[in-house]
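Here's the structure, in structure tokens; my notes come after.
The values are calculated or read from the model by the stated rules, or taken from the named source; none is laboratory data. Computed from a predicted model, the values in this text were never measured in an experiment. A quick note on method: Cβ atoms are made from the backbone with ideal geometry, for glycine too, and the neighbour counts reach across all protein chains shown.
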Amino acid sequence: MFVELLSLLKREYLRWARAPMWIVAGLMTPILYLLLFGQAFNLGKLVPTSVPGAQAGLTAALLGAPDYFSYFSVGMVGLVAVTSALFAGTGVIFDKQLGIMQRTIATPVRRSTIFASSLIFRGALVVLPIFIVLGLALAFAHVPGLVGLTITQSVGAIGVGEVFLAIFVLAIAFTSLFLAFGFLFARVESYFGAVNLLNLPILFTSNAMYPQTIMPGWLQTVSMFNPVSMAVNVMRENLFAPGFYPHPAEFYLGELALYAFAIGVLAFLIARRGLSAK
């Protein structure tokens, strides 16, 4: 099984390495969000510095983040995780249309190994741009004329581990779900029709791009149960001033792990059905 997994991973790598333009295009979207949207949509400029307590009020609205860009750049983790994972299943559909998937299934390789190889490699491709985005956000703070990510508290080893774990769990959860849709559907049009029904609602009901405190009450409730919100809450509590969240970071990380487990089980069942139908 291990040899089979390595062989399938090698194939995934060769296909990825032979399409460098796809790699660049995948990285450009989050970078442009940081460079254009994040820099232009600076809520801090709407708060007059001459008003006593105005900055403190903005920090409270942003749940401890010193400025909107810092708040937004951490939220980009959720956006990148969902949008990058969105394309995880397209390669599977192209393999079906070219007959490659049918030949792979006809071999003695276990179906679970086929799914696992795609999940491991494509999950890594989702995690990679997340760290690139966070690195760029930190680097912007040292570029004249740009606003960058400002970390306002010291982050210990446990905090770093929680941040890494939140990123990894969120990326794997959505990669597994969208990848499973790729095994289920035979046409790209059907695939994107299904994933787009989930993509935008997941992003816009989270607190990734705007504070939960400015949402209407019903949307705040929905946002509390959004896995993207849980992941960014873990990161913001570790990177910014504490005390602005009703629960500690470990609580949100536990909730995220439960959601990821449920999503992973659902994804495996969907993928098994898609593979059995071939």
Among (1) surrounded by 15 or more Cβ atoms within 10 Å (Cβ to Cβ); (2) more than 13 Å from the chain's Cα centre (by Cα) - the single one Ser154 does not satisfy: (1)
Failed condition for Ser190, given (1) on the phi < 0 side of the Ramachandran plot; (2) not in a helix (DSSP H, G or I): (2)
Qualifying residue in segment 32-46 (condition: over 13 Å from Pro129 (Cα atoms), in contact with a Leu (Cβ under 7 Å, 6 or more places away or on another chain) and either crowded, with 22+ Cβ neighbours inside 10 Å or modelled with pLDDT of 85 or more (or both)): no
The one condition in (1) hydroxyl-bearing (Ser, Thr, Tyr); (2) under 19 Å from Phe268 (Cβ atoms); (3) buried (at least 23 other Cβ atoms within 10 Å of the Cβ) that Thr113 fails to fulfil: (3)
Qualifying residue in segment 214-224 (condition: within 20 Å of Ile130 (Cα to Cα) and among the β-branched types (Val, Ile, Thr)): no
Filter result (outside any helix (DSSP H, G or I), modelled with pLDDT of 90 or more and within 20 Å of Glu255 (Cβ to Cβ)) within segment 208-232: Phe225, Asn226
Count - residues of segment 126-159 that are in contact (Cβ under 8 Å) with a residue 24 or more places away in the chain and among the hydrophobic types (A, V, I, L, M, F, W, C): 15
Test: residue in segment 145-153 that is assigned to a helix (DSSP H, G or I) and either of a type outside the set (S, T, N, Q) or out of contact with any Cys (no Cβ under 9 Å at 6 or more places or on another chain) (or both): no
Residues located in segment 243-278, provided they are of a type in the set (Phe, Trp, Tyr) and either within 17 Å of the chain's Cα centre (by Cα) or farther than 21 Å from Val155 by Cβ (or both): Tyr252, Tyr259, Phe261, Phe268
Contacts under 6 angstrom Cβ, first residue in segment 94-118 being among the polar types (S, T, N, Q), partner part of a helix (DSSP H, G or I), 6 or more apart: Thr113/Glu4; Thr113/Leu5; Ser117/Leu5; Ser117/Leu8; Ser117/Leu9; Ser118/Leu179
Boolean, Phe131 is of a type in the set (A, V, I, L, M, F, W, C), at pLDDT 85 or above and either assigned to a helix (DSSP H, G or I) or crowded, with 19+ Cβ neighbours inside 10 Å (or both): yes
Residues satisfying the stated conditions in segment 233-250, i.e. part of a helix (DSSP H, G or I) and surrounded by 15 or more Cβ atoms within 10 Å (Cβ to Cβ): Asn233, Val234, Met235, Arg236, Glu237, Asn238, Leu239, Ala249
